[in-house]
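Readers should treat all values here as calculations from the given coordinates under stated rules, not as data from a laboratory. What you are looking at is a predicted structure, and each value in this text was computed from that prediction instead of being measured. Please note: Cβ atoms are built from the backbone with ideal geometry, for glycine as well, and neighbour counts cover all protein chains shown.
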């Protein structure tokens, strides 16, 4: 299995979710199944079916998280020395050359991507265009609305 890049912060979030699922939600659903069983006939017991479905989801998510963490290559942006180039986990300050709007993105793993938090997946068109570039470079990004040009103002490892 190949390694999957993830930021240190993203790995911590996955570990927290895994811990919560294993220590809290797993036990809650086991209790809900026990209570539903105590009600008698399981063939028409909606609470039992719902609890079993939730248990299946929780166990699947636990396996998914364990797999992701097992394959994770955790990258701490504070330890990067990329000589000013855009790399995974770096934070990039950009200016849209057409609208002159400034925007900041951090390049993260697929599981961490959240455009509302200005975190873009390393596989996204904008991240692919930025990787390897430095401050002062102009990049073209193929977006759904057409080709956009951005100037890289600054690259930070924070």
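The residue of the range 111-157 that is nearest to residue 7 (Cα to Cα), among those that are touching a residue at least 24 places away in the same chain (Cβ under 8 Å) and part of a loop (DSSP other than H, G, I, E, B), is 112.
On the stretch given as the range 70-86, residues that are buried (at least 16 other Cβ atoms within 10 Å of the Cβ) and either part of a strand (DSSP E or B) or free of Cβ contacts under 8 Å to residues at least 60 places away in the same chain (or both) total 4. Restricting attention to the range 121-132, the residues that are crowded, with 18+ Cβ neighbours inside 10 Å and under 22 Å from residue 81 (Cβ atoms) add up to 3.
Of all the residues that make up the range 1-16, how many are without any contact (Cβ under 8 Å) to a residue 12 or more places away in the chain and under 12 Å from residue 65 (Cβ atoms)?
From the range 1-16, those without any contact (Cβ under 8 Å) to a residue 12 or more places away in the chain are 12, 16; that's our starting set.
Imposing the further condition that a residue be under 12 Å from residue 65 (Cβ atoms) reduces the set to 16.
Qualifying residue count for the region: 1.
Within the set 67, 109, the sole residue that is under 29 Å from residue 16 (Cα atoms) and buried (at least 18 other Cβ atoms within 10 Å of the Cβ) turns out to be 109.
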